[in-house]
Structures are given as structure tokens and as C-alpha cells.
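The structure appears right after this line, and notes come after that.
Just so you know, all these numbers are worked out from the coordinates, no wet-lab data involved. Source: prediction; values computed, not measured. Don't worry about glycine lacking a Cβ; one is built from the backbone with ideal geometry, like all the others, and counts go over all protein chains shown.
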């Protein structure tokens, strides 16, 4: 499998100004890579440029607008050696499931279509941020999780209940259908391409916030969840010291996992679960 072995390579990072994306950009720059960071508009990238100004022209911004729009990344992918696609809606406040599902699926398909069309011979690997929410199987009996397992139960809930589906179902369906779309695209076009893909599947992501945040409400979903529990002491009815929560992982480890997935040859074509286990507040 192709891998990125030269740290002078150019890596395109979508969602570069987000919670995870900002850490990935920093890790790449510290490793010597050049980063082409996509943002919706240039103003959203000023914070990135400021916190990583010591890296000079190793970091370049590309304003791409809405990446779910066809061709949004056609120019951005030209000449890159690798792509890390983190951009996807991550919140639990959607009304209709399509508010999360459509941009998630169209976004990942847009990245892959642009790569197929315009990346040339330099591209070696695309690493996609997915989620454990895409591969959870809810069952009254034990289930062995394999690459064939998807969170079909919550996808079905969204199909049957629509707006009345749970917030978790809407989010999980978006991650499930987006990752399935990525693998389907890759398998369909494998004879045409020289690059491969891999996915990173984390659970809840906690850790230091270094992306631009001005208010509590502008925190990303997991950081706001942490803030609500620790600062507001709202534990959602759980005992904070004895009741295990869901799975979690540190954002810095997630960033490292994305970068290592570019560099390790055998990471190509793989789903990679990164988790530190269950949390207890």
C-alpha cells in the first residue's frame, strides 16, 4: 500500500480550523510537513495562521466554501501527497436527519471525486475521520465487531422516525452513511487510482481546546459536553465517580493517529479504532 514517507510532503487537511483539525495541522507542521488547510472562508483561518506562525509558509490556507458542493475541492487537491478529511457536521441539535447526513455524505464523496479527477500521480493516501458511532452494533447478545459491521439500527431509526429520531441516531446515521459511501467509492474506482484510503474511528473526543473559541456556546460538541459536566456539575443523572460513560480518547492521540495512518504502509485500506476505554467523570 502507498504511504507518505517524505516529511517534506504536502498534506491537504479539510476542516482544518476545527477541534480535531487544528491539532492535526499542528502535528503535521511539527513533523516537517507542509499543510494546505481548507477553511470555509479566509477569515476562519486567521487563528490557525496565528498559532502556527512560527512555521511560516509551511502552512497555507485555501478557502473552499461549502465542501458538500460539487467541485469545491477540485483545485485544492492538485499536487498534494496526502489528504486528511476531518470536515463533517458534529453536533446533536439537528432537526431533520438530512441536516447531518447530506453534508457528511456529500462532503466525503466530494473529496474523493476531486481526488480522482485532479490529484494527479502525487497522491498516496486519504485518511478520513469517521467515528465509533458508525460501527457500533446494539444487540442484546454479544456481537463480534468486524469490518462488515455497521450501525444499521440507528440508520433504520432515522429512516422510520425522521425528525422524531433521537439526536444520537441522527449523528450516528451521518457517520455510518458517510463512511459506507467512502468505502463504496473506493472499491468502485480502485482500478483507476494509485492511492488508497483508511478511516480513523474514535469515540467521544476530549482534550485541550486550541481552535478558535469565543464563548461556551461556540465550543465543539464534546468540549461543551465536558464543560457542562465538570463546570456546571450536570452529569445527566449519572454518578460522576462510579458510573462509566461512553468510550473516549484524547484529541492529541486522535491527531497522532491520523498522521501515523498516512505514514504506515499497512494502514491503507483499514478502519482504525482509537479509544482509551470508558470515562468516569
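Taking the Cα centroid of region 55-110 and of region 172-202, what is the distance between the two, rounded to the nearest whole Å?
Comparing the Cα centres of region 55-110 and region 172-202, I get a distance of 14 Å.
P(r) tail for region 100-251, what percent of Cα pairs lie past 21 Å? Intermediate results must be reported in sequence, preceding the final value.
On the way: 6574 of 11476 pairs.
Of the Cα pairs, 57 percent sit more than 21 Å apart.
For region 106-189, place one equal point scatterer on every Cα, skip the solvent, and apply the Debye formula. What is log10 of I(q)/I(0) at q = 0.12, 0.13 Å⁻¹?
Debye intensities relative to I(0), on a log10 scale: -0.43, -0.50.
For the chain, take the longest principal axis of its alpha carbons; what is the angle in degrees between that and the long axis of helix 19-30, to the nearest 10 within 0 to 90?
Here the helix axis deviates by roughly 40 degrees.
Can you tell me the equivalent ellipsoid semi-axes for the chain? Use √(5λ) from the Cα gyration tensor, largest first, whole Å.
29, 23, 18
When the chain is modelled as a GNM with alpha-carbon springs shorter than 10 Å, which of 138, 185, 225 fluctuates the most?
Greatest mean-square fluctuation among the candidates belongs to 138.
Let me check the size of region 103-146 from its C-alpha atoms; what are the radius of gyration and Dmax in Å?
15.8, 48
Assuming 0.36 nm per residue, please report the length gained on full extension of the stretch residue 164 to residue 190 beyond their Cα-Cα distance. Provide the component values of the computation, followed by the final result.
On the way: separation 26, 0.36 × 26 = 9.36 nm, distance 3.83 nm.
Length gained, residue 164 through residue 190: 5.5 nm.
Restricting to bridges with both residues inside the chain, how much of the DSSP beta-bridge set is antiparallel, in percent to the nearest 5?
Working: 1 of 29 bridges.
Percentage antiparallel, nearest 5: 5.
Just want to confirm a number: the relative contact order over region 1-129, from Cα pairs under 8 angstrom separated by 6+ residues, in percent. Write down the numbers at each step before the final one.
Values: 223 pairs, mean separation 37.5, N = 129.
This gives 29 percent for region 1-129.
Taking a label point 7 Å from the Cα of residue 58 along the Cα→Cβ vector, which residues of region 1-33 have an amide N closer than 15 Å to it?
6-12, 23-33
Using the Kirkwood formula on the Cα atoms of region 31-153, what hydrodynamic radius do you get, in angstrom to one decimal? Intermediate values should be presented prior to the final figure.
On the way: mean 1/r = 0.0600 Å⁻¹.
Kirkwood hydrodynamic radius for region 31-153: 16.7 Å.
Connecting C-alpha atoms closer than 10 Å in a GNM of the chain, tell me which of 46, 118, 151 has the biggest fluctuation.
46
For Cα pairs less than 8 Å apart in space and 6+ apart in sequence, what is the mean separation divided by the residue count of region 175-276, i.e. the relative contact order in percent?
Details: 83 pairs, mean separation 44.3, N = 102.
Reported as a whole number, the value is 43 percent.
With contacts defined as alpha carbon pairs under 8 Å and 6 or more residues apart, what's the relative contact order of the chain in percent? Let's see the in-between values first.
Details: 540 pairs, mean separation 61.8, N = 281.
Relative contact order, the chain: 22 percent.
Is it possible to state the helix-based mean residue ellipticity at 222 nm for the chain, with each DSSP H run of 4+ residues giving -39500 (n - 2.57), the sum divided by total residues, to the nearest 500 deg cm²/dmol? What is it? Mind showing how you got there, number by number?
Details: 7 runs with 95 residues, N = 281.
My calculation for the chain gives -11000 deg cm²/dmol from helical runs alone.
Connecting C-alpha atoms closer than 10 Å in a GNM of the chain, tell me which of 176, 199, 141 has the biggest fluctuation.
141
From the convex hull of the Cα coordinates of region 1-68, what is the mean projected area in square nanometres?
Numbers: hull surface 19.9 nm².
Value for region 1-68: 5.0 nm².
What is the distance, in nm, between label points placed 7 Å from the Cα along the Cα-to-Cβ direction at residue 218 and at residue 93?
Taking the two extended label points, one gets 1.4 nm.
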